[in-house]
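The values are calculated or read from the model by the stated rules, or taken from the named source; none is laboratory data. Predicted model only: the values in this text are computed from it and were never measured. Every residue, glycine among them, receives a Cβ derived from its backbone with ideal geometry; neighbour counts consider all protein chains shown.
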Amino acid sequence: MKTWDEKLALYDQLVAANPKFERKGKTMPYTSANGYMFSLINKDGDFGIRLPKESYQKFMDTFHTTVFKSHGAVMKEFVLVPQDMLENQKLLGPYLDESFNYVMSLKPK
């Protein structure tokens, strides 16, 4: 099991690989665009990404995961990224990109 710092390092690598966005937050790392958060690591070290409706359930079924919770609350449209998937940047990268594109398609906040 990876430590929180190890998970953060993997998250930072994933975010740094995409020049369209950057990591924000000091105590709760996240990405946001267009006024919407689209990925984050919670205090437990769980990683979540926001996906459009058509990808949301498919992602959960394909990777045998569930909804993402932060501070005990279910985050709408966020899926929990399996721990081992965080290490697979080639597999996860396109989902993070899809998440960014999704929030960019929403009405700006």
TODO: Consider Leu10 carefully, then state whether it is in contact with a Gly (Cβ under 7 Å, 6 or more places away or on another chain), in a helix (DSSP H, G or I) and not aromatic (Phe, Trp, Tyr).
DONE: no
TODO: State all residues of the stretch 16-61 that are crowded, with 18+ Cβ neighbours inside 10 Å and among the aliphatic types (A, V, I, L, M); if no residue qualifies, say none.
DONE: Ala33, Met37, Leu40, Ile41, Ile49, Leu51
- [ ] Go through the stretch 42-87 residue by residue and tally those that are hydrophobic (A, V, I, L, M, F, W, C), at pLDDT below 95 and under 14 Å from Trp4 (Cα atoms).
- [x] 1
